[in-house]
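Here's the structure we're looking at; comments come further down.
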Amino acid sequence: MYLISTYNKIGKAGLAMYKESKYTIEEKNPDCDAVMVHSEPLHDVEFTDKLKAIVRVGAGVNTIPVDRCTEKGVVVFNTPGGNANAVKELTIAAMIMSSRNGAKAFEWVRGLKDSAVEPGSAVEKGKEVFRGPEIMGKKLGVIGVGAIGSIMAQACHSLGMDVLGYDPYLSNKMKHTYRHFVNFTDNADDIYSTCDYITIHVPINEETKDYIGAEQIAKMKDGVYIVNYARGPVINNEAICEALKNGKVAGYSTDFPTREQLQLENVFATPHLGAGTPEADQNCAEMAARQIIDYLENGNIVNSVNMPSVSFPRADGDRITIFHKNVPGVLGTITEKVTAAGLNIENLVNKARGEIAYTILDFNCDVDEELINKLNSIQSVIRVRVI
């Protein structure tokens, strides 16, 4: 029986995938086999050694102690693409609302509710100050053409925008796949200098913090519109506020407003609603549950942010999974101990990711505890499981 611990409210569709005969579900129990979490910080939670996996029901994993998990052989998953459509739709809506001064116009019209006369005549007289440009025919720069950025680019292309993408981590194969709706550049400066609208879709980490600051904004066209539905810190707060005040940036749309940004009229802000749809909740919860179930029951790893991706069918007997340091000689030592135990390996897969490697061994028989103890005694081995 596996114990799944939930942090935050998890979609019922995902929880329903856990069979009662194999799983129990509890809220915030650190003595668990796996964790499902949305955005609650886990850095200060003291989990027991029983923990095998954490899945972020969403994309960002900055609230999870990923490095500590890696050291203990705990797999950290996320659900890329599960909420992509939800984020895409709100990002496009925010970009248009910013361009058309939607927030200011709405607040002004709301202010007419107590007027002694019908608002019709006042609206006709006052609407001129809220006029803004259309997005059709304009050039959009997409920084980060992944799960969200790619469908954002495709949708905006369909809306008549000229789309330019920048993503140094995207494979040439994927760039070729997207060529029908986005052109690519190998230099982000091309986006800064030529685009009327810029949307950013990158994860937050040390490399992407303050990704766009004063230096990048200075290269942009006057009157550019910037859209940030990725994470707040990827845009430098001081730089964007100054650019909004002096008119360099005509409008800023964000799901992560700061106090300073909320003082400015040309900011369109929403309260972290990007993935806030019932459809996204269901998609991500189901994807998260599938990944946890497949890992706990089969040792397969899909969509991990810290461990190698390994997934293949099992043989008829036990499966041994081993996390170990990615150093020479470990795999040979593992197979030597298996051979000494008189066992025949039916399938063997070994994948590495940085300093960590993951080995799966399949057998057509049961594996005894003595072999597991010997494998655990290998100096570079981090964690051994028998499934």
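Might you check whether a residue that is closer than 21 Å to Ser39 by Cα, in contact with a Gly (Cβ under 7 Å, 6 or more places away or on another chain) and open to solvent by less than 70 Å² (accessible area, probe 1.4 Å) occurs anywhere in the range 319-331? So far as the range 319-331 goes, no, none of its residues is closer than 21 Å to Ser39 by Cα, in contact with a Gly (Cβ under 7 Å, 6 or more places away or on another chain) and open to solvent by less than 70 Å² (accessible area, probe 1.4 Å). The listed residues are Ser150, Ser98, and the only one of them that is surrounded by 17 or more Cβ atoms within 10 Å (Cβ to Cβ), modelled with pLDDT of 95 or more, farther than 30 Å from Ala285 by Cα and among the hydroxyl-bearing types (Ser, Thr, Tyr) turns out to be Ser98. Restricting attention to the range 220-252, the residues that are part of a helix (DSSP H, G or I) and more than 23 Å from Met152 (Cα to Cα) total 9.
Per the listing Val234, Val227, the residue uniquely aliphatic (A, V, I, L, M) and in contact (Cβ under 8 Å) with a residue 60 or more places away in the chain is Val227. For the range 308-347, a residue qualifies if it is free of Cβ contacts under 8 Å to residues at least 40 places away in the same chain and farther than 19 Å from Ile382 by Cβ, and the qualifying residues are Ser311, Pro313, Thr339, Ala340, Ala341, Gly342, Leu343, Asn344, Ile345, Glu346, Asn347.
Taking the range 164-180 as the range and being open to solvent by less than 100 Å² (accessible area, probe 1.4 Å), under 15 Å from His201 (Cβ atoms) and in a loop (DSSP other than H, G, I, E, B) as the test, the residues that pass are Asp167, Pro168, Leu170, Tyr178.
Being assigned to a loop (DSSP other than H, G, I, E, B), over 26 Å from Ala59 (Cα atoms) and either at pLDDT below 90 or open to solvent by less than 60 Å² (accessible area, probe 1.4 Å) (or both) is true for just one of Glu134, Glu124, Glu107, Glu118. Which residue is that?
Being assigned to a loop (DSSP other than H, G, I, E, B), over 26 Å from Ala59 (Cα atoms) and either at pLDDT below 90 or open to solvent by less than 60 Å² (accessible area, probe 1.4 Å) (or both) holds for just one of Glu134, Glu124, Glu107, Glu118, which is Glu118.
If you go through the range 353-387 and keep only what is in a strand (DSSP E or B), touching an Asp or Glu at 6+ places or on another chain (Cβ under 8 Å) and open to solvent by 20 Å² or more (accessible area, probe 1.4 Å), you end up with Ile382, Val386. The set of residues from the range 305-316 being more than 26 Å from the chain's Cα centre (by Cα) and surrounded by 14 or more Cβ atoms within 10 Å (Cβ to Cβ) comprises Arg314, Ala315. Counting only residues that are modelled with pLDDT under 95 and not in a helix (DSSP H, G or I), which one in the range 276-301 is most open to solvent (accessible area, probe 1.4 Å)? Among those residues, the one meeting the criterion is Gly276. Residue-level check: of (1) of a type in the set (Lys, Arg); (2) surrounded by fewer than 16 Cβ atoms within 10 Å (Cβ to Cβ); (3) touching an Asp or Glu at 6+ places or on another chain (Cβ under 6 Å), Lys52 misses just (2).
Just to check your reading of the model, which residue among Ile198, Ile204, Ile217 is in a strand (DSSP E or B) and among the hydrophobic types (A, V, I, L, M, F, W, C)?
Ile198
So if I check each of Leu262, Leu273, which one is open to solvent by 50 Å² or more (accessible area, probe 1.4 Å) and at pLDDT below 95?
Working: Leu262 fails: at pLDDT below 95.
Just one listed residue meets the conditions, Leu273.
Residues in the range 339-369 that are out of contact with any strand residue (DSSP E or B) (no Cβ under 6 Å at 6 or more places or on another chain) and under 21 Å from Gly73 (Cα atoms): Ala352, Arg353, Gly354, Glu355, Ile356, Glu369. I'm checking my understanding of the structure. Among residues of the range 71-87 that are surrounded by fewer than 24 Cβ atoms within 10 Å (Cβ to Cβ) and over 16 Å from the mean Cα position of the chain (by Cα), which one is farthest from Arg290 (Cα to Cα)? Restricting to residues being surrounded by fewer than 24 Cβ atoms within 10 Å (Cβ to Cβ) and over 16 Å from the mean Cα position of the chain (by Cα), the top hit is Glu71. Between residues in the range 283-298 that are of a type outside the set (Phe, Trp, Tyr) and residues that are open to solvent by 30 Å² or more (accessible area, probe 1.4 Å) and assigned to a helix (DSSP H, G or I), which pairs lie under 6 Å by C-beta distance while being six or more apart or on different chains? If the second residue must be open to solvent by 30 Å² or more (accessible area, probe 1.4 Å) and assigned to a helix (DSSP H, G or I), the pairs left are Ala285/Ala13; Glu286/Ala13. For the range 243-256, the condition holds for at least one residue, the condition being that it is open to solvent by less than 30 Å² (accessible area, probe 1.4 Å), within 14 Å of Thr91 (Cβ to Cβ) and β-branched (Val, Ile, Thr). Within the range 183-199, the set of residues being buried (at least 23 other Cβ atoms within 10 Å of the Cβ), in contact with a helix residue (DSSP H, G or I) (Cβ under 7 Å, 6 or more places away or on another chain) and free of Cβ contacts under 8 Å to residues at least 60 places away in the same chain comprises just one member, Ile198.
The values are calculated or read from the model by the stated rules, or taken from the named source; none is laboratory data. Quantities reported herein were computed from a predicted structural model and do not represent experimental measurements. Backbone-built Cβ (ideal geometry, glycine too); neighbour counts: all protein chains shown. For the accessible areas, the whole protein counts, side chains as well, though only heavy atoms, and no ligand, DNA or RNA atoms are used. Shrake-Rupley method; radii C 1.70, N 1.55, O 1.52, S 1.80 Å.
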